[in-house]
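For reference, the structure discussed in these notes is given below.
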Amino acid sequence: MPSAAAESSADAAPQTSAVQRHPTFDVPGESNTQRRSTANTNGAISRATSRSSQRPTSLLRSLTMPEKPVGRAPPILQQIRAIVVMSWLNVLLVCIPVSWALHFALPSSNSNDTLIFVFSFLAIIPLAKLLAFATDELSMRVGQTLAGLLNATLGNAVELIVAIIALVKCELQIVQSSLVGSILSNLLLVLGMCFFAGGTRFSEQGFGISVTQLNSSLLILSVIGLLIPAAFHFAADAQIPDNEEATDILSVSHGTAIILLFIYGSYLVFQLFSHKTLYDDAHPDVFKSTRYERREKKAENGAVIAQREANGSSSLTDQPLSLSPVASHEDPEANTVAEPEEVEEPQMSVPMTIGLLAVVTVLVAVTAEFLVDSINGLVDTGNINREFIGVILLPIVGNAAEHVTAVTVSVKDKLTLSLGVAVGSSIQIALFVIPFIVTLGWIMGKPLSMLFDPFESIVLFFSVLVVNYVVQDGKSNWLEGMILMCLYIILALTFWFYPGVTELGRQLMC
């Protein structure tokens, strides 16, 4: 009996211990909940990790994905032929060796400098066109937003090169006036030509209102950055000695330049990554363009109405005859068949395009140096002043490529891209080129400040206001384009007679 009791107690002990261990380590409800929560947490983390890893790749793909498929590049000989016969402006390429020969052969004099300036001026025009041609070939292979940024950036290459060369040679007045003139040329002349050219084919053209208002705010901010040193000068001129005031204005200019560069970097992130859909033509914020009504259609409808009034009948049998053409016109996609996607045919390969950009940039740099060297001799003749050269002539040469690109795409009802070229180029000059040149002068020890000519600053401010009023409704027509172009002609006429004023000239000179 004791042995049996012991055996039974021995058998019960493991069972009891097993029963006691089971609730502690293997509760069914608690373990399943924990497993589900752990699995959900791990799945959420893995999904978030995969999304975060895929987001930069998808953004990069969307930026570099062209709107249309791009075909193969032609053979090398055809690429060279495309460069040669690209435009009739290539005839002016003859001016490149002529300007170089005149620069090295002729002695320095006012008349010789005038000749060098004329031939160098004419030589830069086809080079700017070649830059635009190479830029279009690159833009064909990327998305629309990145294409607009490329057009604006490479379109400002000429202005940037001319400004750097003038800065090295201590032509500070030419640097400031040429950059202000570039903004005026883009905002008034290029944008006005886009509106006018597009208005010849469309009654009204639309573009994104949100993007346009943002661009206007950025332009006003940059102009305020240019006006603050001038306001500081006129307010504190009597209180601070000139030497101390010049040092203070340089310090304010350097700090403002760094802040504007930071704003431009933020603008690039906004445009290319966080809000890139705003810059798409398919965005719902974009107003749809409307064409002019056909005169034949108006005459036909008028004749039908007159005939009905004469007969005194408006029966239902007459209505289908007059309404059927309108219905077919309003619903053109009713009987359409899906067409194959159009393929873009490039004229150059990517290596040829990059090589052309490099060669043209070198030619522009050398020719622009000769152009800047000849300005003093041209001004000394007394036939033209320095302000007109800097504000009007040099920007027209530098913006020649942007003129052609922006006007061409506006006629094709791509006004968003035109604004990206014209207004985007102005923003880039105001928020990047000017602060970069000021910072570069700071590094080089050149006293280049943001204290611009007061008349130039006021003209720039009112020009930005006019453009803001013109584009605030998100629509354009040919009359608004003509207004902007006429305003630019008025400014050109004014700068022909304006001699220019240099504030704190002795203190802010090399």
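The values are calculated or read from the model by the stated rules, or taken from the named source; none is laboratory data. Remember, it's a predicted structure, so these values are computed and weren't measured experimentally. Note that we place each Cβ from the backbone using ideal geometry, even for glycine, and neighbour counts take in every protein chain shown. The accessibility values were calculated without ligands, DNA or RNA, using every heavy atom of the protein model including side chains. Shrake-Rupley method; radii C 1.70, N 1.55, O 1.52, S 1.80 Å.
Can you name the residue in region 471-484 that is within 20 Å of the chain's Cα centre (by Cα) and open to solvent by less than 40 Å² (accessible area, probe 1.4 Å) and is also modelled with the lowest pLDDT among such residues?
Ranking the candidates gives GLY474 first.
Report, by residue number, each residue of region 464-499 that is out of contact with any helix residue (DSSP H, G or I) (no Cβ under 8 Å at 6 or more places or on another chain) and under 16 Å from LEU419 (Cβ atoms).
TYR469, LYS475
Kindly provide the set of residues from region 366-387 that are of a type in the set (Ser, Thr, Tyr) and assigned to a helix (DSSP H, G or I), ordered by number.
Narrowing region 366-387 to residues of a type in the set (Ser, Thr, Tyr): 367, 374, 381.
If the condition is that a residue be of a type in the set (Ser, Thr, Tyr) and assigned to a helix (DSSP H, G or I), then THR367 is the only one that fits.
So, LEU460, is that one at pLDDT 90 or above, closer than 30 Å to HIS233 by Cα and over 21 Å from the mean Cα position of the chain (by Cα) or not?
Working: at pLDDT 90 or above: yes; closer than 30 Å to HIS233 by Cα: yes; over 21 Å from the mean Cα position of the chain (by Cα): no.
Criteria not met by LEU460.
So which residues in region 382-399 are touching a Pro at 6+ places or on another chain (Cβ under 8 Å) and either open to solvent by less than 10 Å² (accessible area, probe 1.4 Å) or closer than 15 Å to ILE125 by Cα (or both), if there are any at all?
Residues of region 382-399 touching a Pro at 6+ places or on another chain (Cβ under 8 Å): 385, 387.
Answer for region 382-399, where residues must be touching a Pro at 6+ places or on another chain (Cβ under 8 Å) and either open to solvent by less than 10 Å² (accessible area, probe 1.4 Å) or closer than 15 Å to ILE125 by Cα (or both): just GLU387.
For region 75-124: of the residues being without any contact (Cβ under 8 Å) to a residue 12 or more places away in the chain and within 29 Å of THR381 (Cα to Cα), which is surrounded by the fewest Cβ atoms within 10 Å (Cβ to Cβ)?
PRO107
Kindly evaluate THR353 against the criterion of being assigned to a helix (DSSP H, G or I), at pLDDT below 90 and either open to solvent by 10 Å² or more (accessible area, probe 1.4 Å) or among the β-branched types (Val, Ile, Thr) (or both).
Working: assigned to a helix (DSSP H, G or I): yes; at pLDDT below 90: yes; either open to solvent by 10 Å² or more (accessible area, probe 1.4 Å) or among the β-branched types (Val, Ile, Thr) (or both): yes.
So THR353 passes the test.
Of these, GLY181, GLY198, which one is modelled with pLDDT of 90 or more and surrounded by 24 or more Cβ atoms within 10 Å (Cβ to Cβ)? Step through it out loud before you land on a result.
Values: GLY198 fails: modelled with pLDDT of 90 or more.
Result: GLY181 is the single residue among GLY181, GLY198 that is modelled with pLDDT of 90 or more and surrounded by 24 or more Cβ atoms within 10 Å (Cβ to Cβ).
Only residues that are over 20 Å from VAL364 (Cβ atoms) and at pLDDT 80 or above: list them for region 133-173, please.
Within region 133-173, CYS170, LEU172, GLN173 qualify.
Quick test for you: out of PRO320, PRO284, pick the one residue that is of a type outside the set (Lys, Arg), farther than 30 Å from GLU137 by Cα and either modelled with pLDDT of 55 or more or open to solvent by 60 Å² or more (accessible area, probe 1.4 Å) (or both). Let's see the steps before the verdict.
Values: PRO284 fails: farther than 30 Å from GLU137 by Cα.
None of the others qualify; the one that does is PRO320.
Out of ILE427, ILE434, ILE489, ILE443, report the one residue that is open to solvent by 30 Å² or more (accessible area, probe 1.4 Å), within 25 Å of the chain's Cα centre (by Cα) and of a type outside the set (Lys, Arg).
Working: ILE427 fails: open to solvent by 30 Å² or more (accessible area, probe 1.4 Å); ILE434 fails: open to solvent by 30 Å² or more (accessible area, probe 1.4 Å); ILE443 fails: within 25 Å of the chain's Cα centre (by Cα).
It is ILE489.
Is at least one residue of region 219-228 under 27 Å from LYS412 (Cα atoms) and either of a type in the set (Ser, Thr, Tyr) or open to solvent by less than 40 Å² (accessible area, probe 1.4 Å) (or both)?
Filtering region 219-228 for residues under 27 Å from LYS412 (Cα atoms) gives 219.
From what is left, the residues that are either of a type in the set (Ser, Thr, Tyr) or open to solvent by less than 40 Å² (accessible area, probe 1.4 Å) (or both) are 219.
Taking every residue of region 219-228 in turn, at least one turns out to be under 27 Å from LYS412 (Cα atoms) and either of a type in the set (Ser, Thr, Tyr) or open to solvent by less than 40 Å² (accessible area, probe 1.4 Å) (or both).
Kindly evaluate ASN301 against the criterion of being part of a loop (DSSP other than H, G, I, E, B) and at pLDDT below 85.
Numbers: part of a loop (DSSP other than H, G, I, E, B): no; at pLDDT below 85: yes.
So ASN301 does not fit the description; no.
Does ILE165 satisfy the condition of being touching a helix residue (DSSP H, G or I) at 6+ places or on another chain (Cβ under 6 Å), open to solvent by 10 Å² or more (accessible area, probe 1.4 Å) and closer than 18 Å to TRP442 by Cβ?
Working: touching a helix residue (DSSP H, G or I) at 6+ places or on another chain (Cβ under 6 Å): yes; open to solvent by 10 Å² or more (accessible area, probe 1.4 Å): yes; closer than 18 Å to TRP442 by Cβ: yes.
Spelling it out, ILE165 is indeed touching a helix residue (DSSP H, G or I) at 6+ places or on another chain (Cβ under 6 Å), open to solvent by 10 Å² or more (accessible area, probe 1.4 Å) and closer than 18 Å to TRP442 by Cβ.
Go through region 231-259 and count every residue that is open to solvent by 10 Å² or more (accessible area, probe 1.4 Å) and in a helix (DSSP H, G or I). Before you say what the answer is, go through the steps one by one.
Going through region 231-259, the residues open to solvent by 10 Å² or more (accessible area, probe 1.4 Å) turn out to be 231-232, 234-244, 247-248, 250-252, 254-256, 258-259.
Of the ones still in play, those that are also in a helix (DSSP H, G or I) are 231-232, 234-236, 242-244, 247-248, 250-252, 254-256, 258-259.
Matching residues across region 231-259 total 18.
Exactly one of (1) farther than 23 Å from PHE455 by Cα; (2) surrounded by fewer than 17 Cβ atoms within 10 Å (Cβ to Cβ); (3) touching a residue at least 12 places away in the same chain (Cβ under 8 Å) is unmet by LEU272. Its number?
(2)
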